[in-house]
1. Helix-only estimate, please: 222 nm mean residue ellipticity of the chain, summing -39500 (n - 2.57) across DSSP H runs of length 4 or more and dividing by its residues, to the nearest 500.
2. Write down the Kirkwood hydrodynamic radius of region 130-252, to one decimal in angstroms, obtained as one divided by the mean of 1/r over all alpha carbon pairs.
3. Placing +1 on the Cβ of each Lys and Arg and -1 on the Cβ of each Asp and Glu in region 28-161, which of ALA52, GLY104, ILE146 has its Cα farthest towards the positive end of the resulting dipole?
4. Compare ILE295, ILE102, ILE277 in a GNM of the chain, Cα atoms joined below 10 Å, and give the one with the largest fluctuation.
5. Find which of VAL62, LEU322, THR253 sits farthest along the positive direction of the dipole of the chain, computed with +1 on the beta-carbon of Lys and Arg, -1 on that of Asp and Glu, about the Cα centre.
6. Given the pairs LYS77/LYS204; LYS101/LYS204; LYS43/LYS77; LYS21/LYS331, which are separated by over 30 angstrom at their Cα positions?
7. About the Cα centre, and with charges only on the beta carbon of Lys, Arg (+1) and Asp, Glu (-1), how big is the dipole of the chain? Nearest 20 debye, please.
8. State the percent of C-alpha pairs, over all pairs in the chain, separated by a distance greater than 36 angstrom.
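The values are calculated or read from the model by the stated rules, or taken from the named source; none is laboratory data. Computed from a prediction, not measured in an experiment: that's the story for all the values here. Every residue, glycine among them, receives a Cβ derived from its backbone with ideal geometry; neighbour counts consider all protein chains shown. The accessibility values were calculated without ligands, DNA or RNA, using every heavy atom of the protein model including side chains. Shrake-Rupley method; radii C 1.70, N 1.55, O 1.52, S 1.80 Å.
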Amino acid sequence: MSPLKSSDPLAAVRRPVATAKGLPNAHYTDPQVFSEETDALLKSTWAGLAVASDVPEPGDAVPITFLDMPLLLVRDKSGLVRVFNNVCRHRGMILVDAPRKIEGAIRCPYHSWCYATDGRLVTTPHVGGPGQNTDPNIDRATLGLIEIRSHIWHDIVFINITGDAPAFEEQHAALLSRWEAFDQPHIHGGADSRFTLDVATNWKLAVENYCESYHLPWVHPGLNSYSRLEDHYNIVEPQQFSGQGTHVYRQLTSEDGTTFPDFADLSTFWDEGAEYIALYPNVLLGAQRDHAFAIILEPLTHNQTREHVHLYYARNGTDDALRTTNAAQWKQVFKEDIFVVEGMQRGRSAPHFDGGRFSPAMDAPTHCFHDWVAARLQAHRAT
């Protein structure tokens, strides 16, 4: 590794929060920097891709384009969720172009090479000539689908593209310990508990905004009316995650007194407490006594992001109307943030903006994320 230059603009980002600057404009506006960050921040870590509930039954398959990579999310015949390159090992043809049930094998539409749902190459029609389905030069055992390293936690499918990140349980031991009480089934609420939002912003600004509670009085007056700014606290775990929590969580209750069932055996803190954490790089999480949510940020370009929102409950059979109301309320909250992150994105085109400053009292979670970004980029550039 070569030593970092003292003129490194990221050095100012890594100073203590009281004197640090935010990331330079190029980290939001430059497609080349976006490409570099894709390698340093997303492909080499445990990035959120999808949820296992997208493929609920054995044989279910969903094609996903992530960071321009064609991937295939599959629940194999044994029930294991896997992620593969969505391309045939023969000539690189896309295998599955729409969500569907794999009844037999995954068949390439080009030359009909077929793969089992666990990725094994099982048939190669006419590969040795008409009527000859084998060839000594084509070793099926070594030509199965290329599998992407994956891990499932709380139904979220995380992937490590480079394959060399520490084990998920090791990398995120601090969060797994912090939320150990929630290490129990998370039941996806179904079709009425998922939605997407397309936002004209760099994905990092969505993380930065989610981390902090400073904006609540002005951006989320409804939430702030009962869970006030002074009811919140910062959460900072350097190089891993950051966010905010509240001591005042108001459980949703219908007119007849119906509520969602609680997760089992929670401490009394969770009676009125809740926490909202950004797990680096691109997964935003919410934990409450009676439901949870995950937002998977899909970076589309340097200034376009798609937010995939999923809501979870402690049990099956939750009240339909209450679930619909809950999804609508959260959707409203998340939509309230759009003008903020889009406004910050437009602001990053201001020629003399220097990255901004942080409030030491209020912005520690956001600075924690900036410091993580800067640290990984410095390491990436030094290799």
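1. It lands at -6000 deg cm²/dmol.
2. 19.2
3. GLY104
4. ILE102
5. It is VAL62, whose Cα lies furthest towards the positive end.
6. Details: LYS77/LYS204 37 Å; LYS101/LYS204 35 Å; LYS43/LYS77 28 Å; LYS21/LYS331 32 Å.
Beyond 30 Å: LYS77/LYS204; LYS101/LYS204; LYS21/LYS331.
7. Values: 32 positive and 47 negative charges, 238 e Å.
It works out to roughly 1140 debye.
8. 29
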